[in-house]
Amino acid sequence: MFLLDNLGREIQEANALCWAAVSTMAVRAFPETDDFKHPTQRQTVIFHESGIKTVNDLRKAEDETSDTHERYEGFKESCSPEGSCNLLSSKLHLFDVKSEMGVAGQALTAEHFRIELGLRACPVPIRWRYEGAVEIDGTRRIGEHALIVTGYNPDKHELRIFDPWPSSDPTDEIADLAPALHEKWIPYDVYVDPRNDGGLHATAVHEFDQFMLRRVGAKDPKTQFHYPALMTVPPFDPHRGNCVDFDQRHVPDDLWGAIYKVMGRHVVRDSSGYVIHGPYDPGRPIPIVGLKASQVVGCTDHYSLFSSMTSTVAVPVLRHGRMIDSFLMLHDKNGWKAGGYSNNQITSLLCEARKILEAKPDKGRIYLVSIPELSAFFVAQGFLNKASIAGLCRNPKHCASSLGHCGSALDELVAKARNDARQLTGLRKKFGSSLD
């Protein structure tokens, strides 16, 4: 069992900052020195915008006589507040750290993870992509999400990943109750092909796998370790969803039957990789309505998006009434079967919100509205012109009290994305752009 427990758990500060959270964690694999200090997530954003990649770059930017000082100070002032400078990045920003990139259509092998996690004590950042891209205020947003591999179990062929979703919310009244739920063991096959995440088809972008991390100026790991060739990824078999109606009081028998088959062989591991022994019980499945960003941006009838049809449900795994894991069930022409990746933190927050919202039975069943391309997740109740939603948050009471008009919530989501794009465009014009 190879584990990296010195990286901390970095929940992304805003909906576009998964890359900054993962970058911040990855850099912590290397010990601090007199001149090398671990940046915070906010400093990672500032360094990215200022073009500061190394210790020498930072030293130069701090020199008032340098040509980069004004840009650094400008971005430091503008981007310091939490939640500001909410930008997407096609790459991580590893301060004073180099890495090798993967290759499209080829994945890291189990031996790569044994070397990186077991011998070198280095994490492996990875990236998943969703349905496509969308233009928001002149900025092209690609639906991608960064995660980081922090553990490897060679006996079970499993990887421990940290998922920075969902983003923290500075308006929440309480802190994150269970940061460990952002961490999850997944089969190696899910790293190769995640298939589904948040109700949308997800594809591993293996050209963004980053390995052989090392400090700038350090020896190339290939001089010390024998790395195998990358593995050619077999053709993807996309999940072809066959939607069913979930606007009913009881879970269909065929879904329960499929869930109990999965539960009979399901194993839950704690952060250290040890089995959490049962008995386990399945919680009531939560329907997921996955939306593409293109369906939301420019839509004139938001109500039409909120139907009671789904081909994906999240199933909480309970032990003594407490959620310890979750998995997805996908429906196609052959019925229900397990597959894809289920975010434990999102499922847990939904379970907590459900306890409050379904206390009023006249309001109907709750479900998840997931927009992965915009890193947005909503708890929803009701359908079509009776639909109401609230942004998923860590205080279930606050979440329940903010349940409101679906059109307003989606308008606010798009407006924020446009405002973020305009803010960054203005800052880059003012201070100059150093983007890759």
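Observations on the structure shown:
- For beta carbons closer than 9 Å, sequence separation of 6+ or different chains, a first residue in segment 264-287 that is among the charged types (D, E, K, R) and a second that is assigned to a loop (DSSP other than H, G, I, E, B) and surrounded by 12 or more Cβ atoms within 10 Å (Cβ to Cβ), the qualifying pairs are Arg269/Lys156; Arg269/Ile276; Asp270/Ile276; Arg284/Val251.
- The set of residues from segment 116-152 being of a type in the set (S, T, N, Q), in contact with a Ser or Thr (Cβ under 8 Å, 6 or more places away or on another chain) and modelled with pLDDT of 95 or more is empty.
- Any hit, segment 216-238, residues being farther than 18 Å from Arg114 by Cβ and surrounded by 19 or more Cβ atoms within 10 Å (Cβ to Cβ): no
- Some residue of segment 252-262 being among the basic types (Lys, Arg) and part of a helix (DSSP H, G or I): yes
- Considering each residue of segment 224-235 in turn, none proves to be out of contact with any strand residue (DSSP E or B) (no Cβ under 7 Å at 6 or more places or on another chain), farther than 22 Å from Glu111 by Cα, of a type in the set (A, V, I, L, M) and part of a loop (DSSP other than H, G, I, E, B).
- Number of the exception - Glu207 against (1) surrounded by fewer than 16 Cβ atoms within 10 Å (Cβ to Cβ); (2) in contact with a Gly (Cβ under 8 Å, 6 or more places away or on another chain); (3) under 26 Å from Val379 (Cβ atoms): (3)
- Within the span defined as segment 230-244, one or more residues are of a type in the set (Phe, Trp, Tyr) and under 26 Å from Thr203 (Cα atoms).
- Here segment 40-50 is the region considered, the condition is being closer than 21 Å to His182 by Cα and crowded, with 18+ Cβ neighbours inside 10 Å, and the residue that is nearest to the chain's Cα centre (by Cα) is Gln41.
- If only residues of segment 50-107 that are in contact (Cβ under 8 Å) with a residue 40 or more places away in the chain and among the β-branched types (Val, Ile, Thr) are counted, the one that is farthest from Val233 (Cα to Cα) is Val55.
- Once segment 288-300 is narrowed to residues that are free of Cβ contacts under 8 Å to residues at least 12 places away in the same chain and of a type outside the set (Gly, Ala, Ser), the residue that is farthest from Ala353 (Cα to Cα) is Thr300.
- Residue that is modelled with the lowest pLDDT, among those in segment 321-358 that are touching a Cys at 6+ places or on another chain (Cβ under 9 Å), crowded, with 21+ Cβ neighbours inside 10 Å and hydrophobic (A, V, I, L, M, F, W, C): Leu357
- Meets criteria (at pLDDT 95 or above and under 26 Å from Asp420 (Cβ atoms)) for Lys53: yes
The values are calculated or read from the model by the stated rules, or taken from the named source; none is laboratory data. All values reported here derive from a predicted model rather than from experimental measurement. Here the Cβ is made from the backbone with ideal geometry for all residues, glycine too, and neighbour counts use every protein chain on show.
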